[in-house]
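Accompanying notes for the structure given below.
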Amino acid sequence: MTTAIRFDDFVLEFGSGASAVRALDGVTLSVPEGCLLGIVGESGSGKSTAAFAAGRLMPQGVQPTSGRLEVLGRDVWTLSIPDLRQMRVSDLRYIFQDPIATLDPTKKIGWQIREAAVGGASPQDIADALRNVGMNDPDRVAASWPHELSGGMAQRVVIAMALIARPRIIIADEATSALDASVRTRILELLRDVSRQRGITLILVSHDLWAVRKFCDRIAVMYGGRVVEEGPADRVFDQPAHPYTRALLAATVGHEARGDRLATIPGIPPLLHGASPGCAFAPRCDHAQAGLCDRMRPQTEAVEEGWHLLCHLWQDIRQKGRSHGAD
Ligand SMILES: Nc1ncnc2c1ncn2[C@@H]1O[C@H](COP(=O)(O)OP(=O)(O)O)[C@@H](O)[C@H]1O
Ligand SMILES: [Mg+2]
């Protein structure tokens, strides 16, 4: 199977010198083509930076410090500008949180969808694109201004604009966070269904663990600029192996049906200046061992095939959990 996106020990910082913020501290992650992947983690864990790095959408002058990032087998950060543009048009599309801000307020919807299509689109193509995202009255929507649409309708339009270019990858960064719960579910169903039908790789960056569990095949949990656990969504949710994933899930119990934002874990996430000397979660981790977790950077270990994590002690923790369960 081809790999849609591959991060290999990818490091990226904002700013320079001692005050530089290390947003990504060695991300390693492989996303198979056609997979629906959820990326979760507290605010500031590096989810959006990772998502934007894939399309090289970074402020002027920001370059990776080290590592590699490939999209569909090509090293994104060494692509020529025309190749990069081509990639953003035909391979990789983004959907952001605020659809109204994504749309041009001065242009009607039909015009904007035509512009998003590679090689133009007929009125029929535009109507089909709107029908595909669940619009029953596509001609009326095409003739509307962005401000005349509800948030849910506007996000459908944005999805139609992403799909009409026939991309191979869609990255949705908190794309449903601003919508009402019922609308949010319908938009996620739409994204899941069209991605499945067309074999699109869908990456859902989300605070909403419940949605990721329901809609994704795989989950990547980020903390301190690294992917600390990554595997099949159902397996990771049922038996989280990393203490951070366990804490995250425990903090969310009781909130899942409402799709609330994450409840808090005691302590605050790190703001890194330079590489974390050990495990970035150690200061908040109930299991951390001084001299090990705070000093040694955990390396990728496999829980089983296709399920990886970064934790020195995961086997002990799992063992302890088992013996407690047997008491
Ligand atoms: N453009 C930027 N300039 C400076 N720092 C940034 C920028 N974007 C993100 N950061 C910092 O990088 C870290 C990761 O942020 P982000 O990727 O937005 O996290 P998340 O999406 O998980 O909330 C945070 O400490 C954030 O403040
Ligand atoms: Mg973000």
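Tell me the relative contact order for the chain as a rounded percent, counting alpha carbon contacts under 8 Å between residues six or more apart.
21 percent
Looking at the stretch 129-230 only, what percent of DSSP beta bridges run antiparallel? Nearest 5 please.
The antiparallel fraction comes to roughly 45 percent.
Obtain the nm distance between the two label points defined at residue 81 and residue 131 by a simple spin-label model: each point lies 7 Å from its Cα along the Cα-to-C-beta direction.
4.1 nm
Counting Lys +1, Arg +1, Asp -1, Glu -1, what net charge surrounds residue 34 among other residues with beta carbon under 15 Å of its beta carbon? Present the calculation step by step, with values, prior to reporting the outcome.
On the way: positive: 6, 166, 168, 192, 196, 198, 218; negative: 33, 91, 193, 217.
Its environment carries a net charge of +3.
Counting other C-beta atoms within 10 Å, which of 287, 308 has the fewest, and how do the rest follow?
Lowest count first: 287, 308.
May I ask you to sort 24, 248, 79 by Cβ crowding, counting other Cβ atoms within 10 Å and putting the fewest first?
79, 248, 24
Sort all Cα-Cα distances of the chain into consecutive 10 angstrom bins from zero, then give the percent of pairs in each bin up to the one containing the longest distance.
The percentages, shortest bin first, are 6, 25, 32, 23, 10, 3, 0.
Can you divide the C-alpha Rg of the stretch 125-259 by 2.2 N^0.38 Å and report the result to two decimal places?
1.17
Residue farthest toward the positive end of the dipole of the stretch 1-150, with Cβ of Lys/Arg at +1 and Asp/Glu at -1: which of 11, 126, 28?
Going by the charge dipole, the pick is 126.
What does the net charge come to around residue 25 if you take all other residues with beta carbon closer than 13 Å to its beta carbon, with K and R at +1 and D and E at -1?
Around residue 25, the charge tally is +1.
List the aspartates and glutamates whose alpha-carbon lies under 12 Å from that of residue 214, not counting same-chain residues fewer than 8 positions away?
189, 234, 256
Compute the signed sum of charges (Lys and Arg +1, Asp and Glu -1) over the other residues within less than 15 Å, Cβ to Cβ, of residue 289.
+1
By how many nm would the segment from residue 217 to residue 180 lengthen if fully extended, with 0.36 nm per residue of separation less the alpha-carbon distance?
Gain in length upon complete extension: 10.9 nm.
Given the -39500 (n - 2.57) contribution per DSSP H run of 4+ residues, what per-residue ellipticity at 222 nm results for the chain, rounded to the nearest 500 deg cm²/dmol? Numbers along the way, then the final one.
Working: 12 runs with 113 residues, N = 327.
Calculated from helices alone, the mean residue ellipticity at 222 nm is -10000 deg cm²/dmol.
Pop the C-beta distance of residue 19 and residue 323 into the FRET formula with R0 = 41 Å and round what comes out to the nearest 0.05.
Result of the calculation: an efficiency of 0.35.
Considering the dipole of the stretch 169-327 built from charges on the beta carbon (Lys and Arg +1, Asp and Glu -1) around the Cα centre, which of 319, 244, 302 is farthest to its positive end?
244
Set the Förster distance to 41 Å, then compute FRET efficiency between residue 264 and residue 2 from the Cβ-Cβ distance, nearest 0.05.
Here the calculated transfer efficiency is 0.55.
Nearest-5 percent of antiparallel DSSP beta bridges in the chain?
60 percent
How far is helix 181-198 tilted off the main Cα axis of the chain, in degrees rounded to 10, range 0 to 90?
Helix 181-198 sits roughly 80 degrees off the main axis of the chain.
Computed from the coordinates by the stated procedures, all read-outs in this text should not be read as laboratory data. Just so you know, these numbers come straight off a predicted model, no measurement behind them. Methodologically, a virtual Cβ is constructed for each residue, glycine included, from the backbone with ideal geometry; neighbour enumeration extends over all protein chains shown.
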